[in-house]
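Here is the structure we will look at.
The values are calculated or read from the model by the stated rules, or taken from the named source; none is laboratory data. Here the structure is a predicted model, which means the values were calculated and not measured. So basically every Cβ, Gly included, is an ideal-geometry build from the backbone, and we count neighbours across all protein chains shown. Heads up: the accessible areas ignore ligands, DNA and RNA and are worked out on the full protein's heavy atoms, side chains in. Shrake-Rupley method; radii C 1.70, N 1.55, O 1.52, S 1.80 Å.
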Amino acid sequence: MTFNAFHPPIRTLMGPGPSDVPPRILEALGRPTIGHLDPTFVELMDEVKALLQYAMQTENALTMPISAPGSAGMEACFVNLVEPGDKVIVCQNGVFGGRMKENVERCGGEAVMVHDAWGTAVDPQKLEDALIANPDAKVVAFVHAETSTGAESDAKTLVELAHKHDCLTIVDAVTSLAGSPLKVDEWQIDALYSGTQKCLSCVPGIAPVSFSERAQHRISNRTHKVQSWFLDMNLIMGYWGSGARRAYHHTAPVNAMYALHESLLMLHEEGLENAWARHRRNHEALKAGLDAMGIRFIVDEAHRLPQLNAIAIPEGVDDAAVRTRLLQEHHLEIGAGLGDLAGKVWRIGLMGYSSRIENITRCLAALDGVLADLGAPVEHGVALPAAEKVLAAA
Ligand SMILES: *Cc1c(COP(=O)(O)O)cnc(C)c1O
């Protein structure tokens, strides 16, 4: 067996994440490694924290990146806020709500499930009914932006309902952060986790999290020790918390932090509202192109995520064959359906740096060409002019 250096192909990433990482962030990643307790690294950490607070619109002191992917951010929220015997209401309208249930149960809690159809938003009325039926519930958890279906839920209203019934809230903002409006303080979210590889367009493997004072109080006053040593916020606070001594907890992924810092800097330079508006505008252009082709979105217009476009695969078209051709011939990655939607939808991501005009035209042109060649029942030659019209008007 011979081994060679790995040189990945150059792809355009328009799936559910990771998104395209801009050269500027890759360049930051390659800067010289320094010690994780080096005073200059500590300064970088302080800036990362401040920039994350900006991105999340929060003043929460306990705002930091967990050194592991989004799923570890999810786990960090659950292991810290759920104690054995706690009742947690989990709203599920896609894949990720199912993982929340797993987390609750592995913490020794009891998950009360509130189900909504995949492709729809979480129904606040169903949550309220569950809160009334379960007055002993302690936490409400839901996914703000369901990447598996492309549906956005009304986080502000769901959090308000949870608080009215004395529950803390855990919100999955992996795909919403930096892509669509997310206001942690204004909406009074108690615990939030995200990821770096979606609308921040940073390398995968880091999970920004934030905890409100109420959540922090709950964590500091637990009766049982957090069952995960690595994710115990009581210990991590000594490293990342305000006025912390920066005591050794684990070796931070130093270079990945350079990358995260650079991505947050880019977001700050663009301006959060401008980033939200860019995601919205580019979604409108992609949508105009898909509409013109006669391709249908599976989510109601009112609840569609601009950064994740879930569309029905046209009648008679081979899902895998199309995605393989897009990847092999066009170096373009789009996402397959997950769970209940496997084989039924494609998921086109316009996240972060992937949300660019050239990606939209490339995707529409490639899709049009491949579908035409396969004789798919869609309109051809109309997608690009329709998208262009929207872009020209913007
Ligand atoms: C991607 C994603 C996750 C998981 O993030 P990983 O970095 O893959 O662990 C969780 N929730 C949502 C909504 C996601 O889109």
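Things worth noting here:
- Any chance A215 is open to solvent by less than 10 Å² (accessible area, probe 1.4 Å) and not in a helix (DSSP H, G or I): no
This table checks each residue for (1) in contact (Cβ under 8 Å) with a residue 40 or more places away in the chain; (2) open to solvent by less than 90 Å² (accessible area, probe 1.4 Å); (3) not assigned by TED's automatic domain parsing to the domain that holds V95; (4) not small (G, A, S).
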site: T2; (1), (2), (3), (4): no, no, yes, yes
site: R11; (1), (2), (3), (4): yes, yes, yes, yes
site: G17; (1), (2), (3), (4): yes, yes, yes, no
site: L29; (1), (2), (3), (4): yes, yes, no, yes
site: I34; (1), (2), (3), (4): yes, yes, no, yes
site: P39; (1), (2), (3), (4): no, no, no, yes
site: V42; (1), (2), (3), (4): yes, yes, no, yes
site: D46; (1), (2), (3), (4): no, yes, no, yes
site: A50; (1), (2), (3), (4): no, yes, no, no
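- Selection from region 225-250 of residues that are at pLDDT below 95, part of a loop (DSSP other than H, G, I, E, B) and either of a type in the set (G, A, S) or within 29 Å of M351 (Cβ to Cβ) (or both): G241, S242, G243, A244, A247, H250
Okay, residues lined up against (1) of a type in the set (F, W, Y); (2) near the ligand (Cβ under 10 Å from one of its atoms); (3) under 21 Å from I236 (Cα atoms); (4) not assigned by TED's automatic domain parsing to the domain that holds S153:
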residue	(1), (2), (3), (4)
S176	no, yes, no, no
S180	no, no, no, no
K183	no, no, no, no
W187	yes, no, no, no
Y193	yes, yes, yes, no
V203	no, no, no, no
A207	no, yes, yes, no
F211	yes, no, yes, no
R214	no, no, yes, no
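- Selected residue [touching a Leu at 6+ places or on another chain (Cβ under 6 Å), more than 12 Å from the ligand (Cβ to nearest atom), β-branched (V, I, T) and more than 28 Å from I334 (Cα to Cα)] from V88, V139, V104, V159: V139
- The selection criterion, being among the basic types (K, R), over 21 Å from the mean Cα position of the chain (by Cα), within 23 Å of A117 (Cβ to Cβ) and open to solvent by 30 Å² or more (accessible area, probe 1.4 Å), holds for R296.
- Residue ID - most open to solvent (accessible area, probe 1.4 Å), chosen from residues in region 170-189 that are in contact with an Asp or Glu (Cβ under 9 Å, 6 or more places away or on another chain) and charged (D, E, K, R): D185
- Region 110-136 - residue that is free of Cβ contacts under 8 Å to residues at least 60 places away in the same chain and β-branched (V, I, T) and, of those, nearest to the ligand (Cβ to nearest atom): V122
- Region 323-366, subset small (G, A, S) and part of a helix (DSSP H, G or I), residue surrounded by the fewest Cβ atoms within 10 Å (Cβ to Cβ): G339
- Among the residues of region 4-28, those identified as closer than 23 Å to N309 by Cβ and of a type in the set (D, E, K, R) are R11, D20.
- Considering A392, A372, the condition of being at pLDDT 95 or above, part of a helix (DSSP H, G or I) and out of contact with any helix residue (DSSP H, G or I) (no Cβ under 9 Å at 6 or more places or on another chain) is satisfied by A372 alone.
- In region 375-389, the residues that are in a helix (DSSP H, G or I) and surrounded by 21 or more Cβ atoms within 10 Å (Cβ to Cβ): A383, A387
- Qualifying residue in region 273-292 (condition: in a helix (DSSP H, G or I), in contact with a Lys or Arg (Cβ under 9 Å, 6 or more places away or on another chain), open to solvent by 10 Å² or more (accessible area, probe 1.4 Å) and among the aliphatic types (A, V, I, L, M)): yes
- Restricting attention to region 331-348, the residues that are within 16 Å of A376 (Cβ to Cβ) and of a type outside the set (V, I, T) total 3.
- Helices (runs of 4 or more DSSP H) (entirely within region 81-167) containing at least 1 residues that are crowded, with 24+ Cβ neighbours inside 10 Å and on the phi < 0 side of the Ramachandran plot: 95-106, 155-164
- Taken as a whole, the condition of being at pLDDT 95 or above, buried (at least 19 other Cβ atoms within 10 Å of the Cβ) and under 12 Å from the mean Cα position of the chain (by Cα) applies to Y193.
- Candidate set from region 69-85 (those that are within 13 Å of H224 (Cα to Cα) and not polar (S, T, N, Q)); member that is farthest from the ligand (Cβ to nearest atom): G85
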